[in-house]
Each structure stands twice: as structure tokens, then as C-alpha cells.
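A short write-up of the structure that comes next.
No lab work stands behind these numbers, since they all come straight from the coordinates. Bear in mind that the values here come from a model prediction, so they are computed numbers and not experimental data. As a convention, Cβ positions derive from the backbone with ideal geometry for all residues, glycine included, and neighbour counts pool all protein chains shown.
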Amino acid sequence: GKGLVQDLKPLDDGSGIKITVSRYFTPSGVCIHGTGIEPDIVVELDEKYNYTPISQIPKDDDAQLKKAIEIINRLAG
């Protein structure tokens with residue numbers, strides 16, 4: 001889990017330097033860099049879409065999108 005935001009600053013000699021400008025923290029104050037975040041709900045991607053960009057998965061086949069909508073509707077209802 002990459003939990004850093006970095007900025008590339010060009011230098012006068014044509015080289016550059018990458019500077020960490022921010023870090024991601026959980027609401028409880030834990031930095032996620034190097035460890036990532038465990039999801040509360042795991043929804044497996046259908047194997048046939050393993051090599052398909054997410055933007056190209058048909059909405060009717062997107063199990064993750066369907067689960068997200070289901071959860072939002074339950075919380076809103």
C-alpha cells in the first residue's frame with residue numbers, strides 16, 4: 001500500500017528531485033504507507049475480467065459496482 005503523495009521538482013541542471021508532500025492516514029490516525037488497508041467487504045472480480053480495465057467492464061457484469069450500490073441503498077434506506 002502506497003500511502004504517500006510525491007511531487008517532482010525540476011532542478012536548474014535538468015535533473016529533478018522527488019519530494020514526499022503528504023501521507024495518507026486512516027480516521028484513527030494510522031499511516032497506511034507500506035501496509036495498505038484491509039477492506040471491510042471483499043468482492044471478487046469475475047475471473048474473465050482479470051485483464052480488463054475497470055472502465056471496460058460492463059456495468060451489468062460489475063460485481064463490485066453492484067455490491068457498492070446494494071450497500072449504499074441499504075444505508076440510505
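Some points to look at:
- The stretch 35-60: number of residues that are touching a helix residue (DSSP H, G or I) at 6+ places or on another chain (Cβ under 9 Å) and aromatic (Phe, Trp, Tyr): 1
- Residue selection: residue 34 satisfies the criterion of being in contact (Cβ under 8 Å) with a residue 24 or more places away in the chain and either among the acidic types (Asp, Glu) or surrounded by fewer than 10 Cβ atoms within 10 Å (Cβ to Cβ) (or both).
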